[in-house]
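Just below is one structure, and these are the notes that go with it.
Derivation of every value follows stated rules applied to the coordinates shown; laboratory data play no part. Computed from a prediction, not measured in an experiment: that's the story for all the values here. Counting neighbours? That spans all protein chains shown, and the Cβs are built from the backbone with ideal geometry, glycine included.
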């Protein structure tokens, strides 16, 4: 069992970056140097510690985030290795929301790439401290100076190189630590390093870089800048303090370098994490709310002696070992054999043992203190995004915010009778990963599986088909259109029915008019003189709402309409709420037919991150999809690594296969994010085709 660590001895980092920059190898190299593993794995051999899933091994990519840790100079470093592909961005986003800093990995030759740019934007928006690690300095054409320039230009970043490479490409031997002015070279076994003086031939260049570093460090503290301007020499501790203060505020970004595969620069990386990554902030406030009452705000202050509260940021379900819930303690501490409250689901859970992980290997720990990250197993109901807490102080902490799905399949069972089994499997998958949704859409009569990309969903479907021998058919999802009106109209309907005994009677007169887009529904009661008694008004409104469930063009839901009930009549004996509900529903249909009904289609807000070389193709393609470009933000157009973001609105009907088309159009050098924006009118042949397809679908459903 591991030793106990206090909150100020914890460091939480997430390794992020573009795919194939060596993130998982960095974790392995740190684990090797700390004695947690005996050998650095490779994707080709399927031996990387964090890529333990069979699909990860076969595809040679990271699909899930994985947790590891090292113990370094009496500090415990929790390391979350994240996938680099956009299909699995939810894993990286969740990790960043529980880490206290990011290790952004950049390739020594390729420099800033699409996912580097996206990660940087996210880090900047959330002011997350970051350390840049330039990996693969042993590659041919590796050039540290050029990569620093590439980072500064393309990310508009203020950086502080804390080291320089000792040789490059095939000649890479180690690194020179500019703070302590020592050379660090790995020993043959990769588990330890030799520390020596800076080679004589490199002293001048190293001193030049150190002078620049000292000036940057001095800017972080007023006393230090005064000392520096007065000609005083900053101590090692003062240099670290100046960098740390700016790193905490995400104003200055340390850059280090090395080769994970050769263990070059890895001990320095661990030193930098220990010295510069902030420990979990004690006293930080997190906004939450009461159980079953999201409107009542409740603030949790991070403190070791406060009541226990933790958020679940990841769930992994193993076929044999069961459910693993990865959590971060926000306040208090968690001990083994403890009963806790799941405030999100308002249920009790029993925690037996506590673990941290090295990939898939469990390592038992004595407790989880405030700010620490760990794992609990076999909880009955707890899933990702849930809050676990002290039952006497229940609170829900909606800390983890994940991106919305951008790619979908309509799912059908190839065999009758297997629908329930398929549904149960997908329910477990969505518990594990909230970026995946599986819901039945009553408007389109389809069950839709949605996720962050085609590859993510294809991997899931392949696994289900192979492991469970199920026949699953995928189709393109139907679009959930809407109907509305374009002008004012009036209508009257009298519902009168006599069938012996009490009859049915209700008459309504209404005016309808369109509301602004997004206006929804508005009801006005203009009845005077009791022509419709008060007790029947709710029945009228129920009828209007029922009438809005199916429009007059293609039976799509109706939106953005105002209904004014201004006259009617009733019968002392035969009138009832039901009679007026029927009259209201029928009157609305008549009024809509006279009010210029039109179809509305969902329009998405799309952000496309693309290499500048493909900008023309992207803009032409957006126009071909009936889209509208809202703006373009580019970095340095003259730089070879220039990345731009195109903001546009595009109809959802044109975006169903966009992730596939975009990959083909740009050779995989672009990604996108998409969120619902608004509904827009459609007409002409597009609307005719939608109506025709809808009627055909409804006929097929009726004939089943």
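Some values worked out for this structure:
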read-out: The chain: angle of helix 454-468 to the longest principal axis, Cα-based, in degrees nearest 10; value: 80 degrees
read-out: Per-residue Cβ neighbour rank within 10 angstrom, fewest leading, 435, 47; value: 47, 435
read-out: Translational diffusion coefficient (Stokes-Einstein; Kirkwood radius from C-alpha pairs) of the chain at 4 °C, 1.567 mPa s, in µm²/s; value: 45 µm²/s
read-out: Between 0 and 90°, nearest 10: helix 144-155 axis offset from the chain longest Cα axis; value: 30 degrees
read-out: Average Cα contact separation per residue, the range 182-228, under 8 Å, 6 or more apart, as relative contact order %; value: 22 percent
read-out: At q = 0.10, 0.16, 0.24 Å⁻¹, base-10 log of I(q)/I(0) for the range 556-656 (Debye sum, equal scatterers on each alpha carbon); value: -0.54, -0.80, -1.22
read-out: Degrees between helix 266-276 axis and first principal axis of the chain (Cα, 0 to 90, nearest 10); value: 70 degrees
read-out: Peptide ranges 367-373, 675-681, 607-613 listed from the most packed, as the mean C-beta count within 10 angstrom indicates; value: 367-373, 607-613, 675-681
read-out: C-alpha center-to-center spacing [the range 347-405, the range 67-143] in angstrom; value: 23 Å
read-out: Cα-based Rg of the range 154-229 normalised by 2.2 N^0.38 Å, two decimals; value: 1.30
read-out: Viscosity 0.692 mPa s, temperature 37 °C, Stokes-Einstein D of the range 486-596 from Kirkwood C-alpha radius, µm²/s; value: 237 µm²/s
read-out: Cα-Cα P(r), the range 197-304, percent of pairs per 5 Å interval; value: 2, 10, 13, 15, 16, 13, 9, 7, 6, 5, 3, 2, 1, 0
read-out: Antiparallel DSSP beta bridges within the range 67-180, as percent of all bridges there, nearest 5; value: 65 percent
read-out: Length released on extending from residue 458 to residue 8, taking residue separation times 0.36 nm less the Cα-Cα span; value: 157.7 nm
read-out: Kirkwood hydrodynamic radius of the range 549-599, from inverse mean 1/r over distinct Cα pairs, in Å; value: 12.5 Å
read-out: Theoretical gain in end-to-end length, residue 152 to residue 515 [0.36 nm per residue, Cα-Cα removed]; value: 125.8 nm
read-out: Inter-part distance where the range 542-612 and the range 197-265 are each reduced to a Cα centre, Å; value: 66 Å
read-out: Taking the chain and dividing mean pair separation by its residue count, relative contact order in percent (alpha carbons under 8 Å, at least six apart); value: 11 percent
read-out: Distance in nm between pseudo-label sites at residue 432 and residue 295 (7 Å out along the Cβ direction from Cα); value: 3.9 nm
read-out: Rule-of-thumb Rg ratio for the range 138-195 [Cα; 2.2 N^0.38 Å; N residues]; value: 1.28
read-out: Cα-based shape type of the range 353-495, given that a ≥ b ≥ c are square roots of the gyration tensor eigenvalues and the cut on a/c is 1.5; value: oblate
read-out: Descending semi-axes in whole angstrom, ellipsoid equivalent of the range 407-478, from the Cα gyration tensor; value: 16, 15, 12
read-out: Relative contact order (percent, whole number), the range 285-389, Cα cutoff 8 Å, 6+ residue spacing; value: 30 percent
read-out: Largest-first principal axis extents, alpha carbons of the range 1-84, Å; value: 39, 25, 20
read-out: Values of log10 I(q)/I(0), in the order q = 0.14 Å⁻¹, for the range 285-389 under a Debye, Cα-only, solvent-free model; value: -0.51
read-out: Percent of beta bridges antiparallel (DSSP, the chain, rounded to nearest 5); value: 80 percent
read-out: Whole-angstrom gap from the range 269-316 to the range 1-54, using each part's C-alpha centre; value: 24 Å
read-out: FRET efficiency, 1/(1 + (r/R0)^6) with R0 25 Å, evaluated for residue 488 and residue 685 via beta carbons; value: 0.35
